[in-house]
Each structure stands twice: as C-alpha cells, then as structure tokens.
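For reference, the structure discussed in these notes is given below.
The values are calculated or read from the model by the stated rules, or taken from the named source; none is laboratory data. All values reported here derive from a predicted model rather than from experimental measurement. We place every Cβ from the backbone using ideal geometry, glycine too, and count neighbours over all the protein chains shown.
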Amino acid sequence: MKQLELALVPTPGAKPEFLAAVIPLPKDAAEKAVIPALWQSMTEHNKAVVLEGYTRESWAENDVTSVVKWQNMHVRSVDGKNKVPGFVQYLQERQKTSYGRFLCATGTTTVTTFVLVVSYKQTNAATLSCRIAPLFTIPNCPLKPKSGDQKVLQQQHQKPPAAISVPKAGDAAAAPKRKGFGLLGNLVGAQKRTNQHVVSSVVAKPGRAPSSAASATASNPSEGVGIVAHTSHDIEAQQELKTSGEVLADFRNKMEQAMLDFDIAPEVSMKVPIKLSDYTKQVHESDQGKVTMEVLKYIVYEQAEEVNDEWIAHKEPSEFMDEITIAIYKDAEDAPPEVLEELNRAELPEEMKAQQKMVAEQRRQQEMKALREQEQKQLEALKSMATGGGEDGDEDVDLAALNTQKRDRRTIEEIQRDNAKRQRLD
C-alpha cells in the first residue's frame with residue numbers, strides 16, 4: 001500500500017518538517033472495506049498532510065453531542081525514525097489536538113477539503129488514532145478550503161436561476177407605449193433610484209441614526225454615487241473593528257501557540273516583535289486605550305512562563321515607544337551575559353539592595369577619613385619645616401632654608417582645587 005507523509009509546522013510561518021511516513025492499519029472488519037479506497041484518494045491528491053497547529057476547541061472533539069460524522073483511521077509509521085512516540089507524548093502533556101487539511105475525492109469528479117484530527121487521547125504510542133471529516137460538515141471550524149476544492153467552490157458560486165416572465169401576446173398589445181426620456185434621462189433615473197435605495201438601507205439599520213452624508217444625498221440626489229459609496233465603506237470598516245477584549249484574546253492565543261511551537265522546536269531562542277499600531281487599528285477608537293504596550297508585553301511574559309517557568313524573557317532595547325522586541329531563551333547558558341546581569345540586578349531583594357548601599361556608603365566614608373588624615377599630616381609637616389622646630393636644630397634649619405627656596409610648581413587650577421578641598425575638610 002502506498003505511503004503518505006505527515007509533516008509538522010514547528011513554529012507559525014515556518015516550513016513544515018517531516019514527522020513520519022505512515023500507512024493505514026485497519027482495526028476491524030468494517031474499516032477494511034472503507035480505508036483502502038479512502039487512502040488511495042488521499043495519496044492521489046496529496047503529497048503530504050501538514051499538521052498546521054493545535055487546538056482545544058470543541059469543533060475538534062468527538063463527544064456524544066457532536067453532529068460531525070467522523071471517520072476513524074489508524075496509521076503506523078514505517079520510516080524507522082521513531083518520531084511518533086515523542087509527538088504523542090507532547091500532545092498528551094498539553095492535552096491538545098493537532099489538525100491539518102488535505103484534499104480527497106468524494107465522488108467520481110468532485111474533490112473537496114477534508115480535516116485530519118490527531119487527538120491527545122491515544123491508546124498506543126506506536127500508532128496514531130486519527131479522525132477525518134469533510135471541512136464543510138464541521139461547524140465553527142476556522143480552517144478554509146484548500147486550493148483545488150471543487151465542491152465548496154461550486155456551492156459558493158451556485159445561484160438559483162432567475163425567474164423569467166414571458167409576456168403574453170394580449171398583454172403586449174394592451175399595454176400602452178411610454179414615451180422615453182432618451183439615453184441620458186434613463187441613466188439619471190437609474191442613478192437616482194440607486195442612491196435612494198442605498199440611503200434607505202443605511203437609515204433603516206436598527207440602532208443607527210442617519211448620517212449627514214445620507215441626509216445630504218436624500219435631499220440632493222444629484223450629488224450621487226461618491227457620497228453613498230464613501231458612507232457604505234465607512235459602515236463596513238466600522239463593522240470589521242473588534243473590541244479590546246477580542247484583540248487581546250486573539251493575541252494571547254497567538255502567543256500561546258507560538259510558545260508551544262517553540263517548546264518543541266530545536267531553536268534555543270526566539271524573538272517576538274510587537275508593534276502597537278498593528279493591534280490598536282483593529283479596535284474602536286473609544287476602546288483603544290485598553291490595548292497598551294505594557295499589556296501586550298505582560299501577555300508574552302505570562303505565556304512564556306506558563307509553558308516553561310525556567311525560560312528567560314527579556315525586552316531588548318528599542319528606539320521607539322510603540323515597537324519592542326522580546327527575546328525568549330530556553331536556558332541561561334543561551335542568554336547573552338548582559339541579559340543575565342540585568343536579570344540578576346532586577347531580581348535582588350530590597351534587603352540586599354539596602355545592604356549593598358550601606359556597605360558602599362561606609363567605604364566612601366572611610367576613604368574620606370583617610371584622605372583628611374593624610375592632608376592633616378602634610379600640613380603639620382609643612383608647618384614644622386617652616387618654623388624650624390624639632391630636636392635637631394641644624395636639620396630643621398636646613399629644611400627651613402630649603403623650603404624657602406622651593407618653588408611651587410602647581411598650576412593655578414591645582415592650587416584652587418587643593419584650597420577648596422582643604423576648606424571643605426575644615
């Protein structure tokens with residue numbers, strides 16, 4: 001039987017990496033008749049099935065309340081690299097479900113997108129228990145159809161046939177002819193009717209007062225399409241905006257997925273760039289104050305600590321207030337020395353900081369005291385040489401005479417500095 005390759009995306013945006021080459025393993029007689037045909041279609045339309053991410057959402061579960069008719073499939077690895085047990089252990093530790101998309105034929109000429117789900121509930125680490133189902137039958141599934149999905153595209157583009165009314169001969173003869181207004185008149189009339197329809201639809205929306213542009217268009221329809229198009233564009237833009245809670249929740253889920261992918265990746269460090277404007281532009285203007293850089297930075301630190309509390313998260317220096325980069329290191333040996341130094345300095349308790357400050361103050365006072373004693377001894381020696389005092393008179397006289405002929409070679413700045421220091425000590 002033909003093999004199918006399973007690949008895994010280590011981090012968001014990265015290239016898929018090889019996980020295993022698998023073949024189906026029927027579990028009972030009912031599956032033996034279904035699996036070969038299904039497997040042949042899978043291998044025919046797909047070179048590999050990429051497991052794109054992980055989720056805990058209900059659409060991937062197979063509980064008793066599920067409306068999705070999942071098809072069970074059991075596969076085993078035949079490549080000999082033995083990566084499946086580690087992958088199963090990773091899913092079980094985090095209690096998450098891995099998922100991916102692939103194309104499969106549902107008829108003789110129809111190809112549609114299926115979803116492959118690998119749950120953390122595995123009975124055997126050597127095999128993978130999977131579930132598959134068509135994408136369009138799974139409610140609340142965030143995945144989109146793959147390119148080449150013919151069934152979904154046909155359903156989206158299929159429209160009901162327009163009703164065609166065939167006039168009777170008697171009606172055509174009885175209907176009076178209307179005098180036309182010419183090509184220009186018909187164009188102006190059609191434009192006026194279009195403007196009135198758009199304005200009425202804007203005003204009729206519940207909970208929304210008519211805008212000034214809509215009122216102006218209703219009073220003066222000749223101003224036409226430009227104002228109405230601008231108004232409808234603003235309405236669509238307002239509808240696409242989110243609340244601050246939704247934006248922060250999406251960012252938290254994104255960081256959680258990034259940390260989980262980084263945990264199984266071979267890299268020892270990861271950088272998370274954050275640009276505040278990318279998230280505030282998704283929020284209503286009145287709600288933008290709740291999406292701040294401090295909140296986003298806290299979410300990154302929190303998700304990193306939740307996955308592994310031994311990781312080191314450090315904000316790198318930045319020239320801008322609304323753009324930062326947070327570096328995540330798996331081990332202290334992988335972090336630069338300046339990061340560890342700053343981290344240790346920040347983690348010192350208040351008692352230790354106060355003790356270090358007291359020791360530095362005592363050292364400074366001792367140095368000042370030693371300097372004053374040294375200067376006092378120098379002053380006493382100079383006075384003794386100037387007055388000629390001491391037990392040995394001849395030696396004192398010679399020293400005094402030598403002192404009178406000695407020239408002061410200090411500069412003016414040095415003399416002024418020594419005088420100021422002497423006054424400060426006195």
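Summary table below
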read-out	value
Looking only at the stretch 1-45, and only at residues there that are within 12 Å of Met73 (Cα to Cα) and of a type in the set (Lys, Arg), the one that is modelled with the highest pLDDT	Lys27
The stretch 390-425 - residue that is modelled with pLDDT of 55 or more and not in a helix (DSSP H, G or I) and, of those, farthest from the chain's Cα centre (by Cα)	Lys406
Scope the stretch 91-135; condition aliphatic (A, V, I, L, M) and assigned to a loop (DSSP other than H, G, I, E, B); matching residues	Ala125, Ala126
Residue match in the stretch 270-278 (condition: free of Cβ contacts under 8 Å to residues at least 40 places away in the same chain, assigned to a helix (DSSP H, G or I) and not assigned by TED's automatic domain parsing to the domain that holds Leu8)	yes
Residues located in the stretch 283-298, provided they are buried (at least 18 other Cβ atoms within 10 Å of the Cβ) and more than 13 Å from Asp322 (Cβ to Cβ)	Val283
Hits in the stretch 1-15 (condition: under 21 Å from Val268 (Cβ atoms) and not charged (D, E, K, R))	Leu8, Val9, Pro10, Thr11, Pro12, Gly13, Ala14
The stretch 94-146, subset free of Cβ contacts under 8 Å to residues at least 12 places away in the same chain and out of contact with any helix residue (DSSP H, G or I) (no Cβ under 9 Å at 6 or more places or on another chain), residue surrounded by the most Cβ atoms within 10 Å (Cβ to Cβ)	Thr123
Leading residue by the ranking (nearest to Ala249 (Cα to Cα)) among those in the stretch 282-294 that are assigned to a loop (DSSP other than H, G, I, E, B) and within 15 Å of the chain's Cα centre (by Cα)	Val291
Single unsatisfied condition, Pro273 versus (1) surrounded by 13 or more Cβ atoms within 10 Å (Cβ to Cβ); (2) within 12 Å of the chain's Cα centre (by Cα)	(1)
Residues of the stretch 77-93 that turn out to be among the charged types (D, E, K, R), touching a residue at least 24 places away in the same chain (Cβ under 8 Å) and surrounded by fewer than 15 Cβ atoms within 10 Å (Cβ to Cβ), as a count	1
Check on Glu267, modelled with pLDDT under 85, among the charged types (D, E, K, R) and exposed (fewer than 14 other Cβ atoms within 10 Å of the Cβ)	no
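To keep it simple, each residue is scored yes or no on (1) of a type in the set (Ser, Thr, Tyr); (2) in contact (Cβ under 8 Å) with a residue 40 or more places away in the chain.
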position: Thr292; (1), (2): yes, no
position: Tyr298; (1), (2): yes, no
position: Glu305; (1), (2): no, no
position: Ile312; (1), (2): no, no
position: Thr325; (1), (2): yes, yes
position: Ala332; (1), (2): no, no
position: Pro337; (1), (2): no, no
position: Met358; (1), (2): no, no
